[in-house]
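**Student:** Submitted below is the structure of interest, expressed as structure tokens.
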Amino acid sequence: MTHEELEESVPLYAAGALDRIERQALEAHLLSGCASCHSALKDYQSVAALLPLGLSPTKPPRSLKATIMAGRNPTPIPAEAAPNEPARPSLEPGEWMNHLFPPVTPARSSSLPWALGLAALLIVAVGGYFAWNVSTQRSIDTSNIKRLEASLQEKSATLAGLHREVGDQAKVLAELRNEIQQRTNEAAEAKEQLAQREAELEDTRVQLSQQSSMRTVRPPQDELATLLRIPNVRVVSLTGSDMAKRAAGFLLYDSQTQKVWLYSVNLPECPAAMTYQLWAIYDKPLSIGTFRMDRGETAHLLVKKVPSFTNAKTFAVSLEPSGGRPQPTGPMYLLSRS
Amino acid sequence: MDKPSRHATSMIDPTLLARVVKGDQQAFSQLYDHSSTLLFSLAVRILGNHEEAAELLQDVYLEVWRKVSRYDVGRGTPVAWLVTLTKSRAIDRLRARAARGYRATSSLEAEPAAQVADLGPSPFETQADQELRIAVGAAVAGLPQAQQQAIELAYYEGLSHAEIATRLNQPLGTVKTRIKLGMSKLRDVLQQWWNHGELQ
């Protein structure tokens, strides 16, 4: 710190507003013997010491004086009796007053009689002090012990307070930990539930897709089942011709939906570039539709929409070139019995 | 301030302390009578609590009785010495209390009746003391509110400038300036009063 900074900190020192490091810095500077800072501090300390005079006077309780008078030791303890006092707090008045008024060392007398007189006095004083010291040592020790006990008690109370505080803090911490644990558990549970819901959702999706795929497959079958339950649907059975003696089939016609259903079994595999063609025959054959039987296939369901063939008496399936023909050109494979 | 204690010294005669040094119980009783109202007012202002202030005063006076021989007449006025000792012990208590997380159970504002009741002059208060009390009160009241507040936080609550800055949410430099200006103004006003017997 510069001298200017130190000088500026003097009023703050007097008001008690410096922190420990700044206070120590200024005290060290004052001890170095700076006259201007000494003078300034003396002024400001005088002001500071007067400040409480500006307070509204409050009288102490009447009983306090009696308590204090009763609490004294019989005699004050001489300063020499307690040379090893513990370090005093930094605000101890003696410290700053040391800066203000450095302890005065008595001027040495040049006069021999004075010196002798002083020496004699010193001997008497020392002798008296030792005599007094022996007789009062006990009471001094007792008072010192009492003071130490009081100090110890105060420190113990502070310690107990701190212990309580630490205990309270620990309790709060434990509660917070429990809460965190609880929250963690809840989060884990929520995560588990989420995973479960996701799994259920996935299952539902799978089921949904299965159902939708089934739906794409099943409509004709469902429709066929429904068709079979309709009383006025027309049913025609077909048998295999000489070309395919093991073949058979039946044909359903629902006039309401105008749909023909041909269910055929055991028809031989279609040769290349050939196809089966279903005919409704009344006056002349009417093509209803074509279908193929591939290798390994034993049954086939053909569904076709036909406006009307209520008068048709015979139904037949012939083998025709791919794409079918307007009239049957190939051999018959299935024929209705009618 | 070449005559810093013309009036303050009139409150307690330094020879009274000299008699206390010799173990004069009557002198000790007189010392109490002359200083206890001032010291109790200071303790109540710092601690905000009458019971604790009474406990503190008991400690201070017993300390004075035991260690009074440490006081040197050449080291300042008895009042300054007693005020500084009381303030120091009260601030120590305040800090110990803060360390325990304890707050004052009753503030000064909570006890206006007690203050009003005690406003009368002490039977031991001389004319000079009354004048000094009024002069100091007027000098403090004459400060701008912000300077007064900063000085009081340092002086009566033992806060450092940094702590005051935090408390008031003000820049550190501002707080330092307020204390410096306030103390400087108090010094000038009181010096004027000492020199000419009138306030600026």
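**Student:** Sort out which residues of the range A:1-27 are over 25 Å from residue B:95 (Cα atoms) and surrounded by 11 or more Cβ atoms within 10 Å (Cβ to Cβ), and write them in order of number. Can you show your working first?
**Tutor:** Here is the first cut: in the range A:1-27, the residues over 25 Å from residue B:95 (Cα atoms) are A:1-8.
Residues satisfying the conditions are A:1, A:3, A:5, A:6, A:7, A:8.
**Student:** I need a count of the residues in the range A:299-321 that are among the hydroxyl-bearing types (Ser, Thr, Tyr) and surrounded by 12 or more Cβ atoms within 10 Å (Cβ to Cβ).
**Tutor:** 2
**Student:** Inspect the range B:163-176 for any residue being within 24 Å of residue B:39 (Cα to Cα) and surrounded by 22 or more Cβ atoms within 10 Å (Cβ to Cβ) and give the result as yes or no.
**Tutor:** No, the range B:163-176 contains no residue that is within 24 Å of residue B:39 (Cα to Cα) and surrounded by 22 or more Cβ atoms within 10 Å (Cβ to Cβ).
**Student:** Next question, about the same structure. Which residues, taken from the range A:46-57, are surrounded by fewer than 23 Cβ atoms within 10 Å (Cβ to Cβ) and not small (Gly, Ala, Ser)?
**Tutor:** A:55, A:57, listed by residue number.
**Student:** Having 1 or more residues that are within 7 Å of chain B (Cβ to nearest Cβ) and without any contact (Cβ under 8 Å) to a residue 40 or more places away in the chain is the bar; report the helices (runs of 4 or more DSSP H) wholly within the range A:1-70 that clear it.
**Tutor:** Of the helices (runs of 4 or more DSSP H) lying wholly inside the range A:1-70, those with at least 1 residues that are within 7 Å of chain B (Cβ to nearest Cβ) and without any contact (Cβ under 8 Å) to a residue 40 or more places away in the chain span A:3-8, A:10-15, A:35-50.
**Student:** Quick one: in the range A:253-264, of everything that is without any contact (Cβ under 8 Å) to a residue 60 or more places away in the chain and buried (at least 16 other Cβ atoms within 10 Å of the Cβ), which residue is farthest from the chain's Cα centre (by Cα)?
**Tutor:** So the residue we want is A:253.
**Student:** Among the residues in the range B:165-178, are any in a helix (DSSP H, G or I), under 25 Å from residue B:49 (Cα atoms) and touching a residue at least 40 places away in the same chain (Cβ under 8 Å)?
**Tutor:** The answer is no; no qualifying residue exists.
**Student:** Let me ask you something else. Only one of (1) facing chain B (nearest Cβ under 9 Å); (2) more than 26 Å from residue B:25 (Cα to Cα); (3) at pLDDT 90 or above fails for residue A:104. Which number is that?
**Tutor:** So the condition that residue A:104 fails would be (3).
**Student:** May I ask you to verify whether residue A:323 is more than 18 Å from residue A:239 (Cα to Cα), out of contact with any helix residue (DSSP H, G or I) (no Cβ under 9 Å at 6 or more places or on another chain) and not in a loop (DSSP other than H, G, I, E, B)?
**Tutor:** So residue A:323 fails the test.
**Student:** Being closer than 22 Å to residue A:20 by Cα and surrounded by 20 or more Cβ atoms within 10 Å (Cβ to Cβ) narrows it down to one of B:159, B:186, so name that one. If you could, list the steps in order and put the result at the bottom.
**Tutor:** On the way: B:186 fails: closer than 22 Å to residue A:20 by Cα.
After applying the criteria, what remains is B:159.
**Student:** When the range B:20-30 is examined, which residues are found to be among the aliphatic types (A, V, I, L, M) and in contact with a Pro (Cβ under 8 Å, 6 or more places away or on another chain)?
**Tutor:** B:20, B:21
Condition check ((1) closer than 30 Å to residue A:157 by Cα; (2) buried (at least 18 other Cβ atoms within 10 Å of the Cβ); (3) modelled with pLDDT of 65 or more) across all residues:
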{"position": "B:73", "(1), (2), (3)": "no, no, no"}
{"position": "B:86", "(1), (2), (3)": "yes, yes, yes"}
{"position": "B:89", "(1), (2), (3)": "yes, yes, yes"}
{"position": "B:96", "(1), (2), (3)": "yes, no, yes"}
{"position": "B:112", "(1), (2), (3)": "no, no, no"}
{"position": "B:119", "(1), (2), (3)": "no, no, no"}
{"position": "B:147", "(1), (2), (3)": "no, yes, yes"}
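The values are calculated or read from the model by the stated rules, or taken from the named source; none is laboratory data. Fair warning: this is a prediction, and the values are worked out from it, not measured in the lab. Every residue, glycine as well, gets a Cβ built from its backbone with ideal geometry; the counts of neighbours run over all protein chains shown.
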